[in-house]
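Below: the structure, in structure tokens.
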Amino acid sequence: MEPGLKVLSINRQCKLLGISRGSYYYTPLTKQDEADFKLLKKIKEVQIKHPEKRLPADFQRFESCR
């Protein structure tokens, strides 16, 4: 794959190689991404167990971005 190749677009190169564009742009999760996901999962578990307790506004805004 050559992203700067002007003769063939990324889309065309992917088709010729038999891969999806999503596969071309895929980046694996980092350790930080995994840690963030675990933290969000724990926050969500607490929220489900205790719906009467409200999260701080910052967390509510962050969760709405998902």
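The numbers here are math on the coordinates, done by the rules we state, and not lab data. Here the structure is a predicted model, which is why all the values come from computation and not from measurement. All Cβ positions, glycine included, derive from the backbone under ideal geometry; neighbour counts span all protein chains shown.
Among the lysines, which have Cα under 23 Å from the Cα of Lys44 when same-chain residues fewer than 8 positions away are ignored?
Lys31, Lys53
Taking the alpha-carbon distance from Lys15 and a cut-off under 20 Å, which lysines remain once sequence neighbours fewer than 8 residues away in the same chain are dropped?
Lys6
Between Lys49 and Leu17, what is the label-point separation in nm under the 7 Å Cα-to-beta-carbon projection?
Computed distance between label sites Leu17 and Lys49 equals 4.5 nm.
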